[in-house]
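Shown next, in structure tokens, is the structure this report addresses.
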Amino acid sequence: MRVLRIIPVMNPSSGGPCQGIRNIVPELEKLGIHNEVVCLDDPREEFLKKDNFSITALGPAKGPWAFNANLVPWLLENLGRFDVVIIHALWLYHGYGFMKALKLHTKQLADQGKDIVIPRYFVMPHGMLDPYFQYAPERKIKAIRNWIYWKLIERKLINNADGVLFTCMSELLLARIPFRPYHPRKELNIGYGVQSPPPFANSMAESFMEKCPQVKNHSFILFLSRIHDKKGVDLLINAYLKIHEKSQADKNFPPNRQSVPKLVIAGPGLETEYGKRMQQLVVNDEKLRDSVLFPGMLSGDAKWGAFYLSEAFILPSHQENFGIAVVESLACGKPVLISNKVNIWQEISDLNAGIISDDTLEGTIKLLENYLLTTKEKKIEMGKQARLTYKKKFDVVEMAQQWVNVISQVI
């Protein structure tokens, strides 16, 4: 089977969709599934040189729609080589460009008197059909834009696809809510896998300490994601401040400790307006300056060092389709403290691999407080359950086989 994946960007800083491709493609190749990627990045980008599968970068896209005039001609020349096409993410030109190319390709075959054999195509929304994006108060203008775009373009992409691919059952069910008409031919929960982390090595600790030397000889809780309001970073900082104040006022909180762990907020986005505001929150409060740290985006050894050295992982997100960093933390045997807006919260709760609460200030305070009041023995047990949850639910080897089984039934 030959699979083409169409995605706007493969830049690791763009988030989960491109990392999901990087996670599963090597395992699919082992199962005899050949994958190629076409994206709308500048081919000179350094991050494109690190993958061991074929990526065709058609040049940087233009404007908020991510238009790229090279996409349709490239697809017309190459579509015939593939059995399956997967469109990753929504609301941008690449989906429209694919539909246009597919129509032209079909017409070309008919005009030439050839058998009309076209690839099956699937759409993987990566959470972009979540009701949050339509109903969040701060997104009213974007919600109107999406509704118009749905009526004109995106509903055709979704409803004419051979199937819509979801990373978990929560995503599948939530996708049914915001748009009409919504009647995909098939809704397929294919799961989402994360590669097993490399074993801990001293080089990981050293790399992380170079990025964040202030945590040396200190325990810390890790947030690792984009610095974005959707991720609840403001909730986290304000909740952490409340916990810090309580620990100073109450000598018995947390029990058997002199202070709460430090908080490491790692990820891209510090240069954005929101990122600057979050850093200013910390600078403005003397109680937080030495306790809340912003090392920026972590990758490679530094990222794994952060996971392995942390006590726990925290993500009070308002919407999270899957949360690759959540699963990477589970894979490192770390408890996860997450909101119930992270779509895999139920899987984590079922196996007692973390603590779940609401995506509010009160809920985030509860996450931190409940964790700090947990006994050392129970924290160790949660860590063991975290690793077990990864192996049972999110191991990329198992997910690759599940992917093959589901897609094979459709094509």
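The values are calculated or read from the model by the stated rules, or taken from the named source; none is laboratory data. All of these numbers come straight from a predicted model, not from anything done at the bench. Please note: Cβ atoms are built from the backbone with ideal geometry, for glycine as well, and neighbour counts cover all protein chains shown. Quick note on the areas: whole protein, heavy atoms, side chains included, nothing else; ligands and nucleic acids left out. Shrake-Rupley method; radii C 1.70, N 1.55, O 1.52, S 1.80 Å.
Structure data summary
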item: Flag if Ile407 is touching a residue at least 12 places away in the same chain (Cβ under 8 Å), open to solvent by less than 40 Å² (accessible area, probe 1.4 Å) and part of a strand (DSSP E or B); result: no
item: Residue in region 280-302 that is modelled with pLDDT of 95 or more and touching a Ser or Thr at 6+ places or on another chain (Cβ under 6 Å) present; result: yes
item: Scope region 249-277; condition more than 30 Å from Pro197 (Cα to Cα) and of a type in the set (A, V, I, L, M, F, W, C); matching residues; result: Ala249, Phe253
item: Given (1) open to solvent by 10 Å² or more (accessible area, probe 1.4 Å); (2) touching a helix residue (DSSP H, G or I) at 6+ places or on another chain (Cβ under 7 Å); (3) not basic (Lys, Arg), index of the condition Val117 fails; result: (2)
item: Subset of region 35-52 [in contact (Cβ under 8 Å) with a residue 24 or more places away in the chain and open to solvent by less than 60 Å² (accessible area, probe 1.4 Å)]; result: Asn35, Glu36, Val37, Val38, Cys39, Leu40, Asp41, Phe47, Leu48, Asp51
item: Members of region 1-23 that are hydrophobic (A, V, I, L, M, F, W, C) and open to solvent by less than 20 Å² (accessible area, probe 1.4 Å); result: Val3, Leu4, Ile6, Ile7, Met10, Cys18, Ile21
item: Any hit, region 172-190, residues being closer than 29 Å to Phe133 by Cα, open to solvent by less than 20 Å² (accessible area, probe 1.4 Å) and within 16 Å of the chain's Cα centre (by Cα); result: yes
item: Any chance Gly59 is open to solvent by less than 20 Å² (accessible area, probe 1.4 Å), of a type outside the set (A, V, I, L, M, F, W, C) and in contact with a Phe, Trp or Tyr (Cβ under 8 Å, 6 or more places away or on another chain); result: no
item: Check on Lys378, in a helix (DSSP H, G or I), open to solvent by 50 Å² or more (accessible area, probe 1.4 Å) and at pLDDT 95 or above; result: yes
item: Meets criteria (open to solvent by 40 Å² or more (accessible area, probe 1.4 Å) and free of Cβ contacts under 8 Å to residues at least 12 places away in the same chain) for Asn340; result: no
item: Residue that is nearest to the chain's Cα centre (by Cα) [pool: residues in region 389-404 that are open to solvent by 70 Å² or more (accessible area, probe 1.4 Å) and not polar (S, T, N, Q)]; result: Lys393
item: Hey, Ile7 within 29 Å of Gly296 (Cα to Cα) and in contact with a Cys (Cβ under 7 Å, 6 or more places away or on another chain) or not; result: yes
item: Among residues of region 385-394, those that are in contact with a helix residue (DSSP H, G or I) (Cβ under 8 Å, 6 or more places away or on another chain) and more than 18 Å from Asn343 (Cβ to Cβ), counted; result: 1
item: Hits in region 62-99 - residues which are of a type outside the set (A, V, I, L, M, F, W, C) and open to solvent by 50 Å² or more (accessible area, probe 1.4 Å); result: Lys62, Gly63, Pro64, Asn70, Pro73, Glu77, Gly80, Arg81, Asp83, Tyr96
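Here's the yes/no breakdown for (1) without any contact (Cβ under 8 Å) to a residue 12 or more places away in the chain; (2) buried (at least 23 other Cβ atoms within 10 Å of the Cβ); (3) of a type outside the set (Val, Ile, Thr):
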{"position": "Gly275", "(1), (2), (3)": "no, no, yes"}
{"position": "Glu286", "(1), (2), (3)": "yes, no, yes"}
{"position": "Phe294", "(1), (2), (3)": "no, no, yes"}
{"position": "Leu330", "(1), (2), (3)": "no, yes, yes"}
{"position": "Ile344", "(1), (2), (3)": "no, yes, no"}
{"position": "Ser349", "(1), (2), (3)": "yes, no, yes"}
